[in-house]
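Here the structure is laid out as structure tokens; the discussion comes afterwards.
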Amino acid sequence: MLSPDVLSQVLERFPGTMPLCGELVDQGACQWDCCEFSGSYFLLLPGEWESALQLGYGLDRFEVLDADYFGGRKVESRQDGCCSAPGGAQRPYKPLDCRLYPYWYQPREGGDMIRMQAAACPMMRLGRADEEHRTRTALVAELLCRDPDVARFLREARMTPGIYDVVPGLVTR
Ligand code: SF4
């Protein structure tokens, strides 16, 4: 289970937004698209919900769809738009699902991991990946997978169909 201590360490590595996102928005290539998805859900790792609460984050934005989805949670947003928009919780929690976006990882037996990429993100469409973010997400995925509950969750859980592509041959090591 993801402890408050590990969650805190991981959150420190992700400020929330990437400068490249702002650049693409300024260029008209993106309208903060990932905050506007409809018909999708978020995945929270085992222990992520509880640890976020213990760290003082607000989760009232989320409606729980499944409180025991492979040990984690499947939730949806009660409102459209960014979690940091005015009118929300005092200290809104941005899930790791969003912080790692447009990447997600699935560990395989033997230790390597498959990297998935969100085809809908303009970074992917325009071939303008943020290398620093990609490296950071891979390192964090490895750190998270040291926890057997999290590793099992990442192996079994499925993101919203159609959002992520598994890129054949793309493994982290
Ligand atoms: S992650 Fe992709 S979809 Fe989200 S704001 Fe950045 S460029 Fe846009």
Name the single residue that is modelled with the lowest pLDDT among those in the stretch 96-126 being away from the ligand (no atom under 14 Å from the Cβ) and either in a loop (DSSP other than H, G, I, E, B) or over 24 Å from VAL6 (Cα atoms) (or both). GLY111
Out of all the residues in the stretch 27-54, which are away from the ligand (no atom under 16 Å from the Cβ) and outside any loop (DSSP other than H, G, I, E, B)? LEU43, LEU44, GLU48, TRP49, GLU50, SER51, ALA52, LEU53, GLN54
Could you tell me whether CYS83 is modelled with pLDDT under 95, out of contact with any His (no Cβ under 7 Å at 6 or more places or on another chain), under 17 Å from PRO122 (Cα atoms) and not in a helix (DSSP H, G or I)? no
Checking LEU24 against (1) surrounded by fewer than 19 Cβ atoms within 10 Å (Cβ to Cβ); (2) within 16 Å of the ligand (Cβ to nearest atom); (3) among the aliphatic types (A, V, I, L, M), only one condition comes out false. Which one? (1)
Any residue that is surrounded by fewer than 16 Cβ atoms within 10 Å (Cβ to Cβ) and at pLDDT 90 or above - is there at least one of those in the stretch 28-44? yes
Keeping to the stretch 10-50, report how many residues are without any contact (Cβ under 8 Å) to a residue 40 or more places away in the chain and among the polar types (S, T, N, Q). 3
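The values are calculated or read from the model by the stated rules, or taken from the named source; none is laboratory data. Small disclaimer: the values here were computed from a predicted structure and weren't measured. All Cβ positions, even for glycine, are placed from backbone atoms using ideal geometry, and neighbour counts span all protein chains on display.
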